[in-house]
Amino acid sequence: MSDRNIFVVGLDEHNLKRLEHLRGAENYRFHGVIEPAEVYDTEIFPIEDMLSRAETQLKEFREPIDAIVGYMDFPVSTMLPLLCERLGTRSTSLESLLKCEHKYWSRLVQHEVIANYIPRFTAFDPFDAQALQQIGQAGLYFPFFVKPIKSSGSRLGFRIESPEDFAHAVARLCEGIGTISEPFNYVLEHANLPDKVRSVDGGYCMAEEIIGGWQCTVEGYVFQGDAVPYGIVDSIRYPQVLSFFYYRYPSRLPSSIQEKMQELTRQVMAHIGYDNAAFNIEYFWDEVQDRIWLLEINTRIAQSHCDLFEKVDGISHQQVTVDLALGQLPDMPYRKGAFKVAAKFFYRVFFVDATVSQVPSAEEIETLQQAFPGTMITVQVEIGMRLSSLPEQDSYSYALAYVWMGADDDLALEENYARLAEQLHFAFEDIVG
């Protein structure tokens, strides 16, 4: 059998190494399409131009193209159905993808089948002076949460406690929403949208009832109409703030709660009509009220979880993405990894802007990785960088480094990270608090 040609949007060296370890990879050839720099660490997304160049590159390829895949959020996830349709490769439909990614449409569709598991919500135009009154008329009162109809990461998400908070958030939204609304609207033009959704384009925002609790992510896929949740990852936040501290796999949620989340996942993905593609759904379990909330649906694997699945199950869940794109039932192992538990930690600094004056050296990083076997550290800043220039940050902190670690139990995992974190040395100047 000849090698299968798999094109990966935004392929970088780090992910190429992971992909080359997948089951069956000896029969695959991975090719990059669209440079990583164009889709990573940027807030400018000329989707029409990127699609055109990608299509030209792919059509010039003189061999069969067996699959086109991606493992990133906007703009990659949103471009894939358009690119796959043009080249005749497998993907879920654009409409089913948008029923997940267009936050207002997604809530409308979720409300049709699992209304008791989603917060009250409404869409609003941030440029409309009457927006706050309209939100109140929709039955939402302080506090509530606002975010763009299509966001990227946690960017431009705000908790609103007062009219002053709302005014501040709207000013930020009006200033920054265009970078995503313009390319997202280009995608919407290619979709068959219901009237109720068409009038709410990428320049709109969502207001939602505050939900919270134990946060987790259900990783899953749909193969030939069958929705399969295959792993749950816990998202642990820093005390008293919204920023993530670490992701942990496998989940420590009660089994009954995990089973209910899997049932809701199958229900909503079937209703959406999503097919032959990976996804993940973020949930909260409010332990006090014993209530499950669906936060949002993402149309890809979580790249942050790749190393966690590799450490615990034995292989990155990019296996799922590639198998589905080739028309195969995903071949994921279970609990065949070197560790019983794994995490991705976020090493952060809070509430300040500053210029980075010192980062850990390559030698220091290597020494730490050797001291804690299986550990991988990626520093996100460099000397001279202003923290506020970091892309894809939440509204409350800056992530200076990511640390992936594995261990035999939760306690060892947390203790090892605490010891490692003490030896990660950063320094700053020109601090603005």
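The values are calculated or read from the model by the stated rules, or taken from the named source; none is laboratory data. In this text the structure is predicted, and so the values were computed from the model without any measurement. Positions of Cβ are generated from backbone atoms using ideal geometry, with glycine treated the same way; all protein chains shown enter the neighbour counts. Note: accessible area is taken over every heavy atom of the protein model, side chains too, but ligands, DNA and RNA are not part of it. Shrake-Rupley method; radii C 1.70, N 1.55, O 1.52, S 1.80 Å.
Observations on the model:
- The share of accessible area on the chain that comes from carbon and sulfur is 49 percent, using a 1.4 angstrom probe.
- Compactness ratio for the stretch 137-265: Cα radius of gyration over 2.2 N^0.38 Å (N = residue count) comes to 1.27.
- Restricting the calculation to Cα atoms, the stretch 39-91 yields a radius of gyration followed by a Dmax of 11.3, 34 Å.
- For the chain, the share of alpha carbon pairs falling in successive 20 Å distance bins from zero is 24, 60, 15, 0 percent.
- In the stretch 1-116, the alpha-carbon atoms span a convex hull of 146 Å³ per residue.
- Pairs of Lys in the chain closer than 16 Å at Cα, counting only those 8 or more apart or on different chains: 9
- Taking the chain as a Gaussian network of alpha-carbon nodes connected by springs under 10 Å, the highest mean-square fluctuation of the residues Tyr104, Tyr283, Tyr334 belongs to Tyr334.
- Stokes-Einstein, applied to the Kirkwood radius of the stretch 298-433 over Cα pairs at a viscosity of 1.002 mPa s and 20 °C, places its translational diffusion at 129 µm² s⁻¹.
- Virtual paramagnetic centre 7 Å along Cα→Cβ of Asn192, amide N under 20 Å, in the stretch 86-111: 86-102, 105-106, 108-110
- Summed side-chain charge close to Gly24 - residues other than Gly24 whose Cβ falls under 13 Å, Lys, Arg +1, Asp, Glu -1: -3
- Radius of gyration over Kirkwood radius for the stretch 311-375, both on Cα atoms: the Rg/Rh ratio is 1.16.
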